[in-house]
Structures are given as structure tokens and as C-alpha cells.
1. Hey, could you check the range 392-420 for residues that are part of a loop (DSSP other than H, G, I, E, B) and of a type in the set (A, V, I, L, M) and say which is farthest from the chain's Cα centre (by Cα)?
2. Can you pull out the residues in the range 1-34 that are part of a helix (DSSP H, G or I) and within 19 Å of the chain's Cα centre (by Cα)?
3. Looking only at helices (runs of 4 or more DSSP H) that fall completely inside the range 441-538, which ones have 1 or more residues that are modelled with pLDDT of 95 or more?
4. State all residues of the range 271-287 that are touching a residue at least 60 places away in the same chain (Cβ under 8 Å) and out of contact with any helix residue (DSSP H, G or I) (no Cβ under 6 Å at 6 or more places or on another chain); if no residue qualifies, say none.
5. If I ask for residues that are of a type in the set (A, V, I, L, M, F, W, C) and more than 24 Å from residue 116 (Cα to Cα), which ones from the range 1-39 would you list?
6. Checking the condition surrounded by fewer than 17 Cβ atoms within 10 Å (Cβ to Cβ) and in a loop (DSSP other than H, G, I, E, B), which residue from 358, 305, 313, 364 passes?
7. From (1) touching a Phe, Trp or Tyr at 6+ places or on another chain (Cβ under 9 Å); (2) under 18 Å from residue 345 (Cα atoms), pick out the condition that doesn't hold for residue 5.
8. Looking at the range 72-94, which of the residues that are modelled with pLDDT of 95 or more and closer than 24 Å to residue 172 by Cα is surrounded by the most Cβ atoms within 10 Å (Cβ to Cβ)?
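The values are calculated or read from the model by the stated rules, or taken from the named source; none is laboratory data. All values reported here derive from a predicted model rather than from experimental measurement. Here Cβ is always computed from backbone atoms with ideal geometry, including for glycine, and neighbour counts include all displayed protein chains.
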Amino acid sequence: MPADCLSYRETNYFSQLISDYLDQKEELKSFYNRFPSIENFEGQIQYKKQSFSPSKRELLVTILQKQYANLEQGEVVSANIRALLNENTFTVTTGHQLNLFTGPLYFLYKIVSTINLASALKKQYPENNFVPIYWMATEDHDFEEINYFNLNGKKFKWNSQQKEAGNNAVGELNTEGLDEVFNLFSAEIGGGKNAEDLKQLFKSAYLEHSNLTDATRYLAHELFKEYGLVILDAHNRELKKAFIPYIEKELFEKVSHRTTINTAKKLEKLGYGVQVNPREINLFYLHDGLRERIVEKEGSFYINETEIKWNKEEMQKEIQGFPERFSPNVMLRPLYQEVILPNLCYIGGGGELAYWFELKDMFEELKVPFPVLLLRNSALIETSKQNEKRRKLEISHSELFLKQHELINRKVRKISNIDIDFSPQKEHLIKQFQQLYELAEKTDPTFLGAVKAQEVKQLKGLENLENRLLLAQKRKLKDEVTRITSLQNELFPNKSLQERQVNFSEMYLEFGKSLIPQLIENLDPLELKFKILSLGEK
């Protein structure tokens with residue numbers, strides 16, 4: 001498989017914060033413990049090993065075995081779950097929402113990155129075991145973010161009425177109404193071996209499971225079970241019991257707000273902006289279809305937008321009796337993850353890493369090991385036909401990432417039989433006006449403004465003439481411009497990264513069962529580069 005790569009900075013699709021992190025800029029080093037190099041995991045292993053007890057391991061394995069009771073685990077997954085009892089077994093984790101049929105393509109890249117990092121760590125540290133974990137965001141409530149996927153430029157949307165009745169967690173939603181999505185999806189992809197495989201996968205996941213949590217677990221398990229991926233639903237009473245001391249710290253001491261607010265200000269002062277502004281209390285109350293923020297007023301605790309309230313003693317009893325009702329939000333979920341998993345590394349997108357950078361002080365105060373933070377793999381997949389088109393148009397991979405007008409102008413200039421670059425003329429004009437400035441300065445300085453105005457006018461005239469000639473050449477080279485535009489639009493739908501728009505099913509139709517093995521083979525999470533992949537035929 002031919003492959004190419006660019007730095008994330010070169011793509012112009014990633015933030016200054018992420019680019020600077022990957023460049024290991026000095027001013028960011030206080031926001032994390034260890035940079036994600038293979039050598040740095042040696043210290044992280046010892047760091048985590050000292051803090052994770054055998055009882056936590058036993059609890060985790062018990063819960064996972066219950067959650068996998070209705071799935072055929074397969075040998076690799078079963079072995080990985082059992083291995084978690086061993087003090088020399090550690091996890092690497094990624095998390096993601098329960099997007100319909102995986103949502104955007106980068107869902108696959110997140111999990112492939114996690115699987116491949118676990119493999120790389122095993123090679124480097126063979127005396128230990130490393131288990132890839134997919135943390136399902138079952139407690140999220142933003143239904144509008146997860147209820148669709150894009151295929152062939154069309155949006156396939158689940159129009160469920162369940163969310164109108166409450167603000168409940170999406171994992172609890174039943175799968176009613178997804179048969180309509182299945183019918184539309186089936187009609188869109190037609191027949192053939194790959195299409196039939198996809199239909200069966202959708203049907204088995206969503207029409208044969210009663211809720212979104214079970215459906216998503218089945219789907220991710222079927223796609224990645226042979227690689228040992230372990231899938232965790234942390235919305236669990238027993239796991240939340242282990243988190244009770246931290247729930248109490250949050251409610252009664254406002255620990256996350258107190259420890260992260262200054263860090264957020266430091267990031268802002270460095271010019272990076274703040275991904276998430278912490279609330280005073282970063283917990284939701286989750287019960288009977290309700291998921292709403294907990295707020296404190298004058299010593300009492302309220303559920304926002306309701307009449308439910310407790311004093312401090314009543315709240316303590318509620319936590320002890322029903323820990324499963326307390327749901328960490330985006331600022332506190334990372335802490336929950338690191339408390340219940342023997343985790344070394346969190347793998348996420350740029351936005352996720354940006355809010356993790358706000359959390360180090362909170363982890364240090366609570367004496368919970370802060371994980372290594374690794375940017376997930378990103379990639380652009382081109383088919384053999386698209387690769388051939390690109391080569392014929394003499395477009396490099398780096399040029400594909402130019403803004404469309406810049407790409408077209410560059411290629412029109414290159415293939416045109418006349419030179420449409422007036423840079424030499426502009427430089428000559430500027431030199432001429434420099435002499436006029438010197439003359440005006442010696443004779444009458446009040447004429448400097450008039451000279452400047454004339455310079456601007458003549459440079460503008462040259463630019464207008466250059467643009468008119470370019471437009472004329474574009475019309476003359478209309479076929480080439482159309483082909484360039486068409487190719488870039490195919491690879492960057494909606495002028496966005498392919499991985500943020502396209503569902504994996506579009507790629508599966510093209511490459512079939514070889515899709516995931518080829519991604520596993522070619523995406524190295526420690527390479528820290530954006531990959532362009534020309535995948536092999538199905």
C-alpha cells in the first residue's frame with residue numbers, strides 16, 4: 001500500500017495547541033507529565049503500577065465479564081479480560097460517543113491507534129501485558145450529535161422521539177425506529193458481497209439489540225474482536241462505588257473547578273484559548289430519564305431545572321446509597337477513567353487533548369496518576385482511481401491540503417502556456433517607487449502620501465490584471481479545473497477532513513474486509529504524522 005505523510009501543522013487542519021504539543025514546545029511541558037514516546041512508557045508503567053490495587057482489578061474483570069455475558073468474546077478478548085487480574089497488565093484507552101453506525105471515519109482511527117499502541121508496548125516491554133480499551137460514552141446526552149451518519153454525500157438520520165420525553169443518557173435509548181434507517185441504508189448501498197456484509201452488521205447491531213449501549217458494544221466488538229479490543233460501559237453501580245471518594249470531593253470541595261480554573265487561565269494567557277470552562281460542580285444527576293446538572297446554593301444541593309434538593313447530610317446518604325446516579329461531565333470523566341482502569345495512556349482527538357491539558361493539577365491534588373496523552377491517528381484514504389487521477393493532474397499530496405482557489409491557481413499557472421505570475425513586475429514597481437520616495441523626501445515630504453497612494457493604485461492594477469488573466473486561463477483550461485475541483489471535493493467533502501465527514505461503510509464498500517487490517521498495518525500512533533493512504537483493492 002503506497003503511503004505518504006505530512007506533519008499535522010502542514011495540513012492546516014489542526015490547532016496551534018496540538019501542533020506545539022507535538023513539537024514539544026517548552027511552554028506546554030507543565031501541562032502534562034510524559035510525552036508519548038515509546039521510551040517514556042517505562043516510567044509510566046511504574047507510576048501506575050504503584051497506585052492500582054488488586055481489588056480494583058478484580059472489580060473491573062467482574063464487571064467486564066458481566067457486560068460480555070451475551071457476546072461471543074473470542075479467544076483474544078477473553079484472554080485480555082482475564083489478564084487484567086495480573087499486576088503487570090495495563091490498559092491504553094480511547095473514548096467515543098455512541099454515534100450511529102460508528103459516525104465519522106475517525107472512530108476507526110481512534111480504536112486502531114489504541115490497538116496498535118498496545119502492540120507496540122508489548123514489543124518494547126514484553127514482561128507486561130497491554131489491553132486496548134474502548135470507553136463507551138453511554139452517559140452522554142447530546143442525541144443530535146450521534147443520531148446520524150454520512151454516506152455518499154447523504155445524511156442518514158435516526159428520527160427518534162425518545163429525547164423529547166427527557167434528558168436521559170443516550171446509552172439507555174431503545175433502538176426503536178432504526179429499522180427505517182436500515183431500509184434507507186440498504187437501498188443506498190445496493191447489492192454485492194461488501195454491501196451484504198454491511199447490511200448484516202447494521203441489522204445485527206441495531207435491530208437485534210434493545211438499547212444503544214448493547215448495539216454499539218456489539219458493533220465495535222464485531223469490527224475489532226480479533227485484535228483483542230475490550231469495550232467498557234462505565235455507567236455501572238459497582239464501578240461508581242469505587243469513585244465515591246472523588247464524587248464527595250467534587251460536591252463538597254469543588255475540587256475540579258478549584259484546580260483547573262488557573263490552568264485554563266494559563267493556557268489562555270499563552271494564546272491557546274480554553275477548550276472547556278469548568279463549572280463549580282462538574283457532575284450530573286442521572287435517574288429515571290433525567291440527566292441534569294447538580295448546583296449548590298446556600299449550602300444546599302439542587303438538581304438544575306427541578307425541585308429536587310438535599311442538604312449536605314442528605315446528599316452524603318444519596319451518594320452512598322446510589323452512586324450510579326452521579327455522572328461525571330467532560331471535566332471529571334477523565335478522572336473517573338483513571339481511577340477505575342490500570343491505564344497508561346489516553347488516545348484522543350485534538351479537542352479532547354485540549355481539555356486534558358487543563359486537568360493535571362486536579363490529578364496531582366487527588367494523587368491519581370496522570371496518563372500519557374497521545375493524539376489519535378489521522379488519515380486521508382484515496383482509492384486507486386483517485387490516486388491515478390491525482391498523478392495525472394500532477395498534484396502532490398501536500399498540495400491537496402491547499403485551499404481550493406490556491407490549488408487551482410497554482411495548477412493553472414503550472415500548466416498554462418503563458419506566465420501568469422506578476423511577482424517580478426511588482427518587485428520592479430516597488431523599486432521604482434522607492435526612488436520616488438527618496439526624491440519626495442529630499443524635495444517636499446508632503447508628497448510622500450501622494451507617492452504612496454500612486455504605488456498602491458499601480459500595484460492594485462497589476463493584481464487586477466493578473467487575476468483577470470488567471471480567470472481567462474481558467475476558462476480556457478476548464479476541463480483541468482473541473483477535474484482538480486472534483487478530485488479535491490471527493491477527498492475533502494464539505495471542505496473538511498474526510499475522517500470528520502465520511503462513515504466507514506463508504507470505505508468498506510470499496511475495500512471490504514481488508515479495510516481494517518490495512519489500517520492496522522499502516523497507522524502507527526507513535527509516528528505523530530498525518531497519513532495519506534492509497535489502499536489496495538478489495
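1. 418
2. Answer for the range 1-34, where residues must be part of a helix (DSSP H, G or I) and within 19 Å of the chain's Cα centre (by Cα): 8, 9, 10, 11, 16, 17, 18, 19, 20, 21, 22.
3. 478-491, 504-511, 515-522
4. Those that are touching a residue at least 60 places away in the same chain (Cβ under 8 Å) and out of contact with any helix residue (DSSP H, G or I) (no Cβ under 6 Å at 6 or more places or on another chain): 271, 273, 284.
5. Across the range 1-39, the qualifying residues are 17, 28, 31.
6. 305
7. Here residue 5 meets the rest and fails (2).
8. Within the range 72-94, the match that is surrounded by the most Cβ atoms within 10 Å (Cβ to Cβ) is 94.
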